[in-house]
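A.B. asks: Below is one structure. I have some questions about it.
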Amino acid sequence: MLPVSLWRLCLILPSALAQTGEIGFLPRQVDALEGCQFLYNFRCCNYDYVGLGRSFGSNGTITARLKILPGTNATEGVDFDFYQDSVTWQDGDVDPKAMLMVIYNNDVYEPTKVVNLGIDADPASASSTSETTAYIRDDNDGGTVEISPTAIVLDERFGNMECLMWAERSGAVASGRTELTVEYTVCPEMVPERNRADANDYWSLPLTGPLVWEDGETGKKCVLRNLGFQAAIDLVWPDCCIGTNSSNNTLLFLINPDAEEEPEERVCLKASLSDNSTATLPETSMLQSMIINDVNLMEELGLNCTRGLDCLLDVSKTSIVGGEVGLILDAKESDYKCPQICNLTVNSTQQMSYASYGNAEETFINLGKAMRDWQPGDKIICKCHGIAGGDVTHVATMELHGPYSENTASCVKSWATCDVPDLLGIGYKVGADHLRVLKSCDDTKTTPFELAMGSHAVYGADGVYRMESFEAMRPTVVGMYRMCWCRETAERNCTVNGDFSVSAGNFVYRGPNIRAVMDPYELGGGWGTFKVTEVYGTGLEAGDRAMVLPECGEEAPPGLNVSTIYNEVDKELDFGVLSAENGLLARAYKVCWCQLAPARGHYCDAASEFRAEIGSVRFLCSRRFVDRDQDGICELCPMMFQTAGGWDGMQCVLDGGLFSLTILWYLVGLLLFLACMTSLRFGRTGFVHGVPRLIEDVSRESDTVLVTVVGYHNLTVFNKMQSIPVTLSGTGHFLLDSRGSKSIPFRVRPRSSNTLELLDAEGNSLDFRADSSMGLLQISLPRALLHSTILAVRFPLLAQILLLSAGWAALGLYLMPGPVEVVIVILIPLLLAGMLTCVWFFVLRTSSSLARRLEMFSKELKKRNPHPKACKKGPDRAIAVRDVLELYEKFAAFIKDRNMYYIDPNILRRLTSTRKLSYAELVGPQQVQWFVSHWWGTRFQVYCLALQRHAKAVCETLDPAVWGATSYWICTFSNNQYQITEELGTSHKESSFYLALHSGICRGTCMILDEMAMPLKRSWCLFELLQTITLEQSQVGFKGLLFCTENGVLNFGASTVEMSMQIGERLSTLSLEDAEATTEQDKNMITQLVLQEMESFEKINTVLREHIGHALGICRDRVDDDFDTLFVKLGTLDEDKLQIARARRASEKDTGESPAGMSRSRI
């Protein structure tokens, strides 16, 4: 309805266009309801109004009346009246006006009536063409039909014919006939979400006709009745539901209980009134619903069976009746759902068929023992061809009691008890359920008695199967077995194996296999360590332990503690070497086993935990022990080569093998001591070092110095460039010998079995000549251990000692000698080794070749001069040239190209060492005829040739007996090398050199020269030259200085041109001032003498050159004569010219004399 102000505006605005205006209906629908709000004309009535409005002008007065138009089915005065006839608008009035409409009430149901209205206005020009309709509705005189309850909650069970839902017609009048129809409908979405029930959940019979209330009839009528199961089965309907009387038309409903676990389900009903019904149906009664709550039939029915027992199911409370067939399935495997189609031919441990028997009141399914091998748990019972119209219906769920057949349990053979704490299963009963370990649950006769009896267990209140006599089961062979289950009933008490037909899974009996035979073991380790090999079993682990005990599971005797850990890789138990010290006796013991199980309190730290026996072993006395008293205590045989024997095996008898090993032990000890004694030596300082190698020869060859030892050096290096540190002693060579605190380090490198290359301390080749045929090669202890070896085998001494020591120790451990025997076996080889070493070194060892030659020559000299005596130094100690040549002849193989530096220490001193005399005194001294000035570095062969040629020249004969007697004073042979200080004296005039020259009987000085004229570079040769020059001037008959070479005497012209030229060239540049001496004192003394006698070195140099010049001149003439003779023979020079030349040279020779005042013809 528009506000008044708005209408005023609408009426006023058009006044500019129309003066009177126009009357029309306000836009409002009149919808009136019969009622009794007040009385009018003495009748109950209700009211409503019709709104009118003026528009398009406001001038003048307008009166408007309502008129009833065609199409109206209500009667004025009966159904309604207008409270006033008309309404008027005065000039300028534009307000809306209302005409009150009175609605009369009656008690008769009538349909809705219509009043069509129009407008008549005065003036007529104010009438409009607008129309409106007013509705008059009945005030529910037919009454109200309500259905209650609109929602029903039912359990999933059969009904008892009770009425579940009522329809009631109420109202004061209940006028007219009313028909109510109720039918099943799909639950609309607006209903709270619930599973909609389907045809398998319920069954119903539709209404045969509507529920009817006649005119004036009120009250309740049953809309929905819950059908009983028996009625459904027999199809006999109760009296309430029979007949054609519409009042008995009730909707029949039957719940089909099933065993499926499902949420609540909803069934919806739709109610409606027929078109000619007078009553009304509230909207809240138009839709009804039934909520079906799932019922746990399994719990309610209590259907269960036990594996191994007869199974009889009472299904009376289900929809199954006698004679029906169906399936029983494993609920887990089928997901608690029945198949869509029944297949009664398949029977397994997950599905089987059944046939029920009985009637609707009592129905049973007899399965017998068919479910013995089924897994326990829920099993669904499905009915085929059910009355709900489906093919298969899940009607119930049963529970199968018993253990699962796939359990796994284990016990360890060493455990004190055995429990099965977690045997999975359903419905166990304390005290009634039993368990045994058998080979097979189907064939129980094959199970050993001790296994069956020892493994018997009863289910306890703590949920554990405890074996009652596990100790009886312990001897059983380990391995895989079956756990077999039995439930005690009135008919059986589970005492025989045949009662245990239900498999409860696998049982692993863990432990080692029992060894039937184990080899005896000799105490003391005569047969090595005590090992139990090939230890196999079930469930063995790396941490398992074993112990040797008198009896398994008992406490060990005091002192006995022999155990080990199982080697899982090698499958063995290694107890090590066992002896009586381990507390063992010579008797039988058990090898017992234990497996760690900290969770069960098994730590295998006590002998009582080692209950599982692996086998029995007998311990024997070792080969040197016997058990005379049969008490297990072994007594040692007195000799280490004795062993148990005799008629009873308990007597000490000789053992050939042990005797051989004893001899071998002595030999190994002897070899060990010999290896040490022959390779090592205590030095003077008390320290041990390597045995010195006796030197055969030291010489220089091809720029290397080689040391040859006597025999084999037995040294080795581990690569070709390696060398061994050594020192030398007793070689007589000052550059080689280490003496006292003076140590000269060298290194050697093996070249052959007896030859070594001598190197300096850095391993480089030596740059000086070294010659010797004596001495020792010293090697330190560490180097001796590393480099001393066996001939041709690189097996160092250290390895030899270690190997022999190990062998000696091993034999000792094996033979097990007593303390006295150990002392004997050490002392005897030690003494023998010492004796053999002494015999070897002092009797049998090969001396050097030179030593043997010296020994032979000493014997010859002793025969010629048995009692050599010392004589004064000086002229009486000369030596015949034959003795010098004999020395060279005897030792030429050793002397070779060596000089006096070699001759003196290696030959002369060793020949004279016993008498401590000079060599001249040893062979027989001579008075001096000639004094020899020489350099010790000149080859000894040159000495011999030069002296031989000089002797022959001065004796002018080739008769050895004559020239061989020529005597020479040679410092090397004439001086006592053991008394050098006495030989030199306190002044030069007391020296043996001076005394020999100035003796008055010395005929001259022979200077032994080589091409380098080396004697003139030595100070003592300069001293001898000075004395010779002095004697030339002072002694009558003194022949002066003769230059002797290996080719002859230069002064006599006996030399080669080349030698003469070389000597001349050398002396032309030689200055005697540069001469050297061994000591600075000797050099200074000789220098002072030269300056005193000759005033300067230049003067003595001049004298020397004059002497050599004269000698070279004679050589030249001799050469010229030889060439002239050759030319004559060749015919190039005639005899006359030859004579002239010779006469000329002869006259020159006669007029000239030598520096000593003589010519060759005068000698």
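A.B. asks: Which residue, of LEU706, LEU735, LEU756, is over 53 Å from the mean Cα position of the chain (by Cα) and in a strand (DSSP E or B)?
C.D. replies: LEU706
A.B. asks: Let me ask something else about it. From the residues in region 44-80 that are closer than 25 Å to ASP107 by Cα and of a type in the set (D, E, K, R), which one is surrounded by the most Cβ atoms within 10 Å (Cβ to Cβ)?
C.D. replies: ASP79
A.B. asks: Any residue in region 479-491 that's within 27 Å of TYR536 (Cβ to Cβ): show its pairings with residues that are in a loop (DSSP other than H, G, I, E, B) and of a type in the set (Phe, Trp, Tyr) at Cβ separation under 8 Å, as long as the two are six or more apart or on different chains.
C.D. replies: Qualifying pairs under 8 Å: CYS484/PHE500.
A.B. asks: Working only within region 710-732, note down all residues that are under 54 Å from the mean Cα position of the chain (by Cα) and hydroxyl-bearing (Ser, Thr, Tyr).
C.D. replies: TYR712, THR716, SER723, THR727
A.B. asks: Next question. Given the structure, is VAL325 in contact (Cβ under 8 Å) with a residue 24 or more places away in the chain, farther than 14 Å from LYS379 by Cβ and touching a His at 6+ places or on another chain (Cβ under 9 Å)?
C.D. replies: Spelling it out, VAL325 is indeed in contact (Cβ under 8 Å) with a residue 24 or more places away in the chain, farther than 14 Å from LYS379 by Cβ and touching a His at 6+ places or on another chain (Cβ under 9 Å).
A.B. asks: For LYS379, are the conditions met, namely being under 44 Å from the mean Cα position of the chain (by Cα) and either buried (at least 18 other Cβ atoms within 10 Å of the Cβ) or not assigned by TED's automatic domain parsing to the domain that holds CYS311 (or both)?
C.D. replies: no
A.B. asks: On to the next question. Please specify each residue of region 324-369 satisfying the condition of being surrounded by fewer than 19 Cβ atoms within 10 Å (Cβ to Cβ), modelled with pLDDT of 85 or more, among the small types (Gly, Ala, Ser) and in contact with a Gly (Cβ under 9 Å, 6 or more places away or on another chain).
C.D. replies: Across region 324-369, the qualifying residues are SER353, ALA355, GLY358.
A.B. asks: Let me ask something additional. Show me the strands (runs of 3 or more DSSP E) found entirely inside region 590-696 where at least 2 residues are surrounded by fewer than 16 Cβ atoms within 10 Å (Cβ to Cβ), touching a residue at least 12 places away in the same chain (Cβ under 8 Å) and not acidic (Asp, Glu).
C.D. replies: 612-620, 651-654
A.B. asks: How about region 256-279: which of its residues are polar (S, T, N, Q) and surrounded by 19 or more Cβ atoms within 10 Å (Cβ to Cβ)?
C.D. replies: ASN256, SER277, THR278 - these are the residues of region 256-279 that are polar (S, T, N, Q) and surrounded by 19 or more Cβ atoms within 10 Å (Cβ to Cβ).
A.B. asks: So, one more: Kindly indicate whether any position in region 1020-1029 is farther than 20 Å from MET1094 by Cα and of a type in the set (S, T, N, Q).
C.D. replies: Checking region 1020-1029: not a single residue is farther than 20 Å from MET1094 by Cα and of a type in the set (S, T, N, Q).
A.B. asks: Report the residue count in region 296-315 for those that are closer than 24 Å to ILE255 by Cβ and surrounded by 16 or more Cβ atoms within 10 Å (Cβ to Cβ).
C.D. replies: Count: 6.
A.B. asks: Any idea which of (1) under 25 Å from GLY615 (Cβ atoms); (2) charged (D, E, K, R); (3) part of a loop (DSSP other than H, G, I, E, B) is the one GLU450 doesn't satisfy?
C.D. replies: (3)
A.B. asks: In addition: With the structure loaded, tell me whether SER414 is without any contact (Cβ under 8 Å) to a residue 12 or more places away in the chain and in a loop (DSSP other than H, G, I, E, B) or whether it fails that test.
C.D. replies: So SER414 does not fit the description; no.
A.B. asks: If you take the residues in region 763-785 that are out of contact with any helix residue (DSSP H, G or I) (no Cβ under 7 Å at 6 or more places or on another chain) and in a strand (DSSP E or B), which one is surrounded by the most Cβ atoms within 10 Å (Cβ to Cβ)?
C.D. replies: LEU777
A.B. asks: Considering only residues of region 142-175 that are closer than 30 Å to ASP107 by Cβ and crowded, with 21+ Cβ neighbours inside 10 Å, which is farthest from the chain's Cα centre (by Cα)?
C.D. replies: Ranking the candidates gives SER175 first.
A.B. asks: Considering region 70-87 alone, what residues qualify as being in a strand (DSSP E or B), free of Cβ contacts under 8 Å to residues at least 40 places away in the same chain and out of contact with any Lys or Arg (no Cβ under 8 Å at 6 or more places or on another chain)?
C.D. replies: If the condition is that a residue be in a strand (DSSP E or B), free of Cβ contacts under 8 Å to residues at least 40 places away in the same chain and out of contact with any Lys or Arg (no Cβ under 8 Å at 6 or more places or on another chain), then GLU76, PHE82 are the ones that fit.
A.B. asks: Also: Could you figure out which of (1) buried (at least 18 other Cβ atoms within 10 Å of the Cβ); (2) at pLDDT 80 or above isn't true of PRO282?
C.D. replies: (1)
A.B. asks: Residue under question is THR129, and the condition is that it be farther than 25 Å from GLU214 by Cα, modelled with pLDDT of 90 or more and among the hydroxyl-bearing types (Ser, Thr, Tyr); does it hold?
C.D. replies: So THR129 fails the test.
Here's the yes/no breakdown for (1) surrounded by fewer than 23 Cβ atoms within 10 Å (Cβ to Cβ); (2) under 18 Å from PRO925 (Cβ atoms); (3) of a type in the set (Asp, Glu); (4) in contact with a helix residue (DSSP H, G or I) (Cβ under 7 Å, 6 or more places away or on another chain):
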residue	(1), (2), (3), (4)
VAL962	yes, no, no, yes
ILE970	no, yes, no, no
SER974	no, yes, no, yes
TYR978	yes, yes, no, no
HIS988	yes, no, no, yes
GLY1000	yes, yes, no, no
LEU1009	no, no, no, yes
MET1012	yes, no, no, yes
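A.B. asks: Among the candidates ILE365, ILE328, ILE341, which residue alone is within 60 Å of the chain's Cα centre (by Cα) and either part of a strand (DSSP E or B) or among the aliphatic types (A, V, I, L, M) (or both)?
C.D. replies: Just one listed residue meets the conditions, ILE328.
A.B. asks: Does THR708 satisfy being under 29 Å from GLY763 (Cα atoms) and modelled with pLDDT of 85 or more?
C.D. replies: For THR708, the condition - under 29 Å from GLY763 (Cα atoms) and modelled with pLDDT of 85 or more - is met.
A.B. asks: Scan region 791-812 for residues that are in contact (Cβ under 8 Å) with a residue 60 or more places away in the chain and either in contact with a helix residue (DSSP H, G or I) (Cβ under 7 Å, 6 or more places away or on another chain) or over 21 Å from PRO725 (Cα atoms) (or both) and report the count.
C.D. replies: Final tally of qualifying residues: 10.
A.B. asks: Same structure, new question: What tally of residues in region 405-429 results from selecting those that are in contact with a strand residue (DSSP E or B) (Cβ under 6 Å, 6 or more places away or on another chain) and surrounded by fewer than 17 Cβ atoms within 10 Å (Cβ to Cβ)?
C.D. replies: 4
A.B. asks: To continue, here is another question. Being of a type in the set (Val, Ile, Thr), within 23 Å of MET480 (Cβ to Cβ) and in a loop (DSSP other than H, G, I, E, B) is the filter here, so list the residues in region 533-589 that pass it.
C.D. replies: Scanning region 533-589 gives a single hit, VAL535.
A.B. asks: Can I ask one more? Can you name every residue in region 391-425 that is under 47 Å from the mean Cα position of the chain (by Cα) and over 23 Å from ARG600 (Cβ atoms)?
C.D. replies: TYR404, SER405, GLU406
The values are calculated or read from the model by the stated rules, or taken from the named source; none is laboratory data. Everything quoted here is computed from the prediction, not taken from an experiment. In this analysis, Cβ positions are derived from the backbone assuming ideal geometry, glycine residues included, and neighbour counts consider all displayed protein chains.
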